[in-house]
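Report on the structure given below.
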Amino acid sequence: MTEVISVVAYLILAPFAGGLIDGVGRIVSARMQGRKGPPLLQPFYDIIKLFTKQMFAVNSVQLLLNLSYLIFLAVAGCMLFAGADILMCLFVLTTADMFLIMAASSDSSPFSTLGAGREMIQMMAYEPLTLLMSVGFYLATGSFHVGTIISGEYSAVLFLPGMLVGFFFITAIKLRKSPFDLSTSHHAHQEMVKGITTEMAGPTFAIMNVAEYYEMVLMLGLVAIFFLNKNWWSWPLAIAVCLFVYFLEILWDNVCGRVKWKTLLEGCWIVTLLCGGLNLLILMLIR
Amino acid sequence: MGKLAKSPWLLHYDGSSCNGCDIEVLACTTPVYDIERFGIINTGDPFQADILLITGGINSQSESVVKQIYSQMPNPKVVVAVGICACTGGIFKTCYNIKGGVDTVIPVDVYVPGCAARPQAIIDGVVQALALLEQKRADYAAQRRGVMQEGGIASGADQ
Ligand code: SF4
């Protein structure tokens, strides 16, 4: 019963929560730059506006592919919030990303094709750690099942501190934050217009934005399961940590410039190997 | 304010300006003027822009580019000509390669004079454009409804 409630709550509330977090993020980011920043509800204004704009379709499949991106992200999130298999959830997350890549490659703009290529490089960069992480959860708690992971005696982070550091890295990729916003950026000017979203206009772009909010809540949910255990106080702790992680991502976004794709791959793989790999090795030895 | 007026995204194009006006446009995004407080984003993508800001007059080479950018912007959209060059051709008006102001190639909704136009004036122009944008949105929605109704009648007549 609780699973049904949390899945329904995720499906309905995630876009709102994501939009609010994004709104707060934009204000915090503006304050860091000495600006006032947009109103708190700006992300919602943006999305409503995009839905009222003219439907400018460059081809007939892009909207469909974007919708698939949204649906698969929502499914991945539902799996996490239903307490199902974490491995499966991460696989569905990757599948969702494939749809976005296909949507971007379906049009003829060289910028979005370039963006799609970069998105694939980003996938290669974050994928190893997500796999190591789920194995880490298995070793730490004896299960891939999110429901079991979050009802342990101790928080999983006690066994997986390295994984958390690594996951912080790949969250920056997934949230499209600098220094890893190679394929498309929330900031105004990028060297290739808007990258992967260049030819998405009006409603198509709005759908992509809603999907991003589902993804944001999903990523923060993954941070939360590092901290959840069977005690009630782990829930407020997890939420506080999620917000703190998001704050750190914004800070990182503001102090770092965009890196080149080689640096992204090398950086992420080195972090994966050092933090994730070492963590896993130690865990295997002590278990 | 309406739906569009709360989130107008700008696209800035340099027709053939001396870069004086461009620097003033960029100044609008700095902490001193901070246009993001109106929800305005300076995007580089015509597909996602609502307001086209053009600086400088139009020359024979930039003409096709301006026309293309304008056609790539989804409706409803407005054009703001920034600086006296963009309004009329300005100091370059009599040059052999200059066609004149932006309105020689695409319809312009708001003219912001000045050489260079001050950031305050640019923001003021954009805010005026917002009112127009809202009106255009209402017209566009009405037109879309009209088309749908006509379509309905037409398909009814077919049967
Ligand atoms: S109006 Fe003045 S500052 Fe602006 S582009 Fe023309 S000459 Fe340059």
Exercise. Is the shape of chain B best called rounded, prolate or oblate, per the rule: a/c under 1.5 gives rounded, else a/b larger than b/c gives prolate, else oblate, with a ≥ b ≥ c the square roots of the Cα gyration tensor eigenvalues?
Worked result: oblate
Exercise. Size of the protein assembly as shown along its principal axes in angstrom, Cα-based, largest extent first?
Worked result: 82, 60, 36
Problem set entry | Ranked A:266, B:134, A:119, criterion: other C-beta atoms within 10 Å, fewest first | A:266, B:134, A:119
For this session: Find how much the distance from residue A:285 to residue A:91 grows on full extension, using 0.36 nm per residue of separation minus their present alpha carbon separation; answer in nm with one decimal.
Result: 67.1 nm
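Determine the shape class of region A:1-93: with a ≥ b ≥ c the square roots of the Cα gyration tensor eigenvalues, call it rounded for a/c under 1.5, and otherwise prolate if a/b is greater than b/c, oblate otherwise.
oblate
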Seminar exercise, completed: Scalar couplings 3J(HN,Hα) for region A:113-119 by Karplus 6.51 cos²θ - 1.76 cosθ + 1.60 (θ = phi - 60°), nearest whole Hz, x for Gly and Pro, are 5, 4, x, 5, x, 5, 4
For this session: Quick one: divide the alpha-carbon radius of gyration of region B:1-61 by 2.2 N^0.38 Å and tell me what you get.
Result: 1.20
Exercise. What relative contact order, as a whole-number percentage, does chain A give when Cα pairs under 8 Å and 6 or more residues apart are counted?
Worked result: 26
For this session: Output ³J(HN,Hα) for region B:134-139: one whole-Hz value per residue in order, computed from phi by the Karplus curve 6.51 cos²θ - 1.76 cosθ + 1.60 with θ = phi - 60°, and x for Gly and Pro.
Result: 4, 5, 5, 5, 4, 4
Exercise. Which residues' amide hydrogens lie under 5 Å from the amide hydrogen of residue A:177, considering only partners 5 or more residues apart or on another chain, with H built in the peptide plane?
Worked result: none
For this session: Among the listed pairs A:36/B:67; A:262/B:67; A:260/B:136; A:177/B:6, give every one whose C-alpha distance is greater than 31 Å.
Result: A:36/B:67; A:262/B:67; A:260/B:136
Exercise. So, how do all the Cα-to-Cα distances of region B:35-83 break down into 10 Å bins, in percent, from 0 on up?
Worked result: 23, 54, 20, 2
For this session: Mind jotting down the three principal axis lengths of region B:54-118 based on Cα atoms? Whole angstrom, largest first.
Result: 33, 26, 14
Exercise. Where q = 0.13, 0.15, 0.16, 0.17 Å⁻¹, what log10 of I(q)/I(0) comes from the Debye formula for region A:120-276, counting one point per Cα?
Worked result: -0.65, -0.84, -0.94, -1.03
Problem set entry | Relative contact order for region B:9-158, counting Cα pairs under 8 Å that sit 6 or more residues apart, in percent | 24
For this session: Please figure out what share of the DSSP beta bridges in the protein assembly as shown is antiparallel and state it in percent, rounded to the nearest 5.
Result: 15
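Throughout, read-outs are computed from the coordinates displayed, never taken from laboratory work. Note that the structure is a prediction, hence the values are computed from the model and not measured. All Cβ positions, glycine included, derive from the backbone under ideal geometry; neighbour counts span all protein chains shown.
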